[in-house]
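Here the structure is laid out as structure tokens; the discussion comes afterwards.
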Amino acid sequence: MRLKKNTLIMYQIVASIIFGSSLLLVLGVDIHQRVLKATAVPKGEFKRPIVFVPGDAGSLMEARNNNPGGYGGGSWFRIWMNFFLLLPHTIRYYDENIIMTFDPATNTSSNAPGVEIRLPNFGTTLAMEYIDPSWTAYFLGNSGAYGKALADRLLKYGYIRDISVRGAPYDFRLAMSSNSKYFSKLQDLVEETYSTNRNKKVAIISHSLGGLYATWFLNHQSHAWKDQYVDTFISISTPWAGSSEALLALMSGFSFGIHCRDPLTARKQQRTLETNFLLLPRANFPPPDNVILSTDERSYNCTDEDIRAVLTRAGVPNGAELFQYVRDANKVPGGPNGLPPHPGVDTFCVYGIGVQTEDILKYEGRNFPDQQPQFINAEGDGTVAHRSLSACKLWNLAPGGGVVELPGVSHTEALKGRAGIDEIMKILFR
């Protein structure tokens, strides 16, 4: 009885927090919009307005389940990031609404039947600041903040919300080739930001997967368009040659550091996301001995043939077909060593180094693929190995750009921490 009473009290507290968070969020958005309407063109002396392209899981997403009895009752709800949907008793609602289906006959990925997904706040600063704007996430170490620290610094230097600093969120489940509508919106946003800021060329800043997105976008624009609208591209922590975290997600599941999250439960929906296949390690930038995964049966390297083989051996549904489609459809030939071509604007690569990074998956003596592997570590940023982060050096970025390596800085701290933001500001105000 005491347990039930305590549980009831806990849920009452949680309900109060939810209500208070929702009320404050609504009031905050209303005030934000009122201030925006009264704001003229920027008065600061910044050189370059900014469009920010987030990384994998860096976009706030909303879902609506239109099925009878579906979670949310047919209303829109925040699916990512939503702390309450990541609790053990609600995580299934996250999984069943975020999962996708792939049709190998048409090479298309679709939402779960009856489910819609949308990206709110496109073009606003809020879209880069938070993936969970609730007070609950704030009290849990401000875990919902994403580009907030960078946005705050920009505002101090004369940037104006939603005018000279903008966010461009996207459905991070999809590879670039499946997201054509997004790139049309991104082009419009860049052009609008340019014209709103007295025809100042735009700086595109990206984080992680967003670097692949931004490079794809720039490589599909004409030289004349880029010369008119874009001045600078700053890629932060970009996995140019993939990451073993994507391989782990497809093999045994990845919990994103959420301790109450069962990786094998997460694996079912992670095996349906195109970007996990997009981010598999690249054969042109292999580990020193070329092995990315080993089992009691054999070792696998990062050639397309071996990746198809390990996806099949691990029982990933349509895995070999989805991998080959994503790999082929997202190639942009012409760059060095299999990289896409140089983006065609002043380009800077900023990333952390000197952090131990899980790299090679070892299932020897383990139940492959249903048990978490051991790892052989490599030097990197804690998420992506150095050989992948540093691949952009092959573009020979100088004199218009360059590479900034941040010793001891992790994948996310390159965006959120002082050292990374200091370097970004130096580039913007150079």
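The values are calculated or read from the model by the stated rules, or taken from the named source; none is laboratory data. Bear in mind the structure is a predicted one, so any value in this text is a computation, not a measurement. Cβ coordinates were reconstructed from backbone atoms using ideal geometry, including for glycine residues, and neighbour counts include every protein chain displayed. When the accessible area is computed, the model is the full protein with side chains, heavy atoms only, and any ligands, DNA or RNA have been set aside. Shrake-Rupley method; radii C 1.70, N 1.55, O 1.52, S 1.80 Å.
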Electrostatic dipole magnitude of the chain [Cβ: Lys, Arg +1; Asp, Glu -1; Cα centre; debye, to 20]: 1260 debye
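Tell me what the chain gives for mean residue ellipticity at 222 nm when only DSSP H runs of n ≥ 4 count, each as -39,500 (n - 2.57), the sum divided by the residue total, rounded to 500 deg cm²/dmol.
Values: 16 runs with 158 residues, N = 430.
Theoretical 222 nm ellipticity from helices: -10500 deg cm²/dmol.
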Report, by chain and number, residues whose modeled amide H sits under 5 Å from the one on residue 292, excluding near sequence neighbours (fewer than 5 apart, same chain). 300, 301, 302
Post the alpha-carbon centroid distance, segment 158-219 to segment 58-94, in whole angstrom. 26 Å
Taking Rh as the Kirkwood radius computed over alpha-carbon pairs of segment 53-116 and applying Stokes-Einstein at 37 °C with viscosity 0.692 mPa s, one gets a diffusion coefficient in µm² s⁻¹ of 258 µm²/s
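Counting only DSSP beta bridges with both residues in segment 215-365, what percent are antiparallel, rounded to the nearest 5?
Working: 3 of 10 bridges.
Percent antiparallel among DSSP bridges in segment 215-365 is about 30.
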Have a look at 207, 272, 106 and report the one farthest towards the positive end of the charge dipole of the chain, computed about the Cα centre with Cβ charges (Lys/Arg +1, Asp/Glu -1). 207
With every protein chain kept in place and a 1.4 Å probe, the chain has an accessible area per residue in Å² of 44 Å²
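Could you look at segment 246-391 and say what percent of its accessible area is carbon and sulfur, using a 1.4 Å probe and all protein chains?
Working: 2840 of 5720 Å².
Its accessible area is 50 percent carbon and sulfur atoms.
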Solvent-accessible area, 1.4 Å probe, carbon plus sulfur percent, for segment 93-201: 51 percent
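So if I place +1 on the C-beta of Lys and Arg and -1 on the C-beta of Asp and Glu, and nothing else carries charge, what would the dipole magnitude of segment 265-307 be about its Cα centre? I want it in debye, nearest 20.
Values: 5 positive and 7 negative charges, 61 e Å.
Dipole magnitude for segment 265-307 comes out near 300 debye.
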Given a 1.4 Å probe and heavy atoms of the protein chains only, how would you sort 238, 312, 412, largest accessible area at the top? 312, 412, 238
Let me spell out the model: positive unit charges on the Cβ of Lys and Arg, negative unit charges on the Cβ of Asp and Glu, origin at the Cα centre of segment 72-225. What dipole size does that give, in debye rounded to 20? 540 debye
Applied in sequence order to segment 159-166, the curve 6.51 cos²θ - 1.76 cosθ + 1.60 (Karplus, θ = phi - 60°) yields integer Hz couplings, x standing for Gly and Pro, of 6, 10, 3, 6, 10, 9, 9, 10
Quick check: Cα centre of segment 285-321 to Cα centre of segment 227-282, how many Å? 16 Å
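Can you sort 160, 427 by solvent-accessible area, 1.4 Å probe, largest first? Could you put the intermediate results ahead of the total?
Numbers: 160 45, 427 10 Å².
Correct descending sequence by accessible area is 160, 427.
Cα-based Rg of the chain per 2.2 N^0.38 Å, rounded to two decimals?
Working: Rg = 21.7 Å, N = 430, 2.2 N^0.38 = 22.0 Å.
Compactness ratio reported: 0.99.
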Please list 106, 347, 303 in order of solvent-accessible area, largest first, computed with a 1.4 Å probe with all protein chains present. 106, 303, 347
Hydrodynamic radius of segment 225-375 per Kirkwood, over alpha carbon pairs, in Å: 16.8 Å
In segment 328-343, which residues have a backbone nitrogen under 16 Å from the label point lying 7 Å from residue 107's Cα in the Cα-to-Cβ direction? 328-333
Among the aspartates and glutamates, which fall within straight-line cross-link reach of residue 200, defined as a Cα-Cα distance under 14 Å, with same-chain neighbours fewer than 8 residues apart omitted? 45, 191, 192, 227, 231
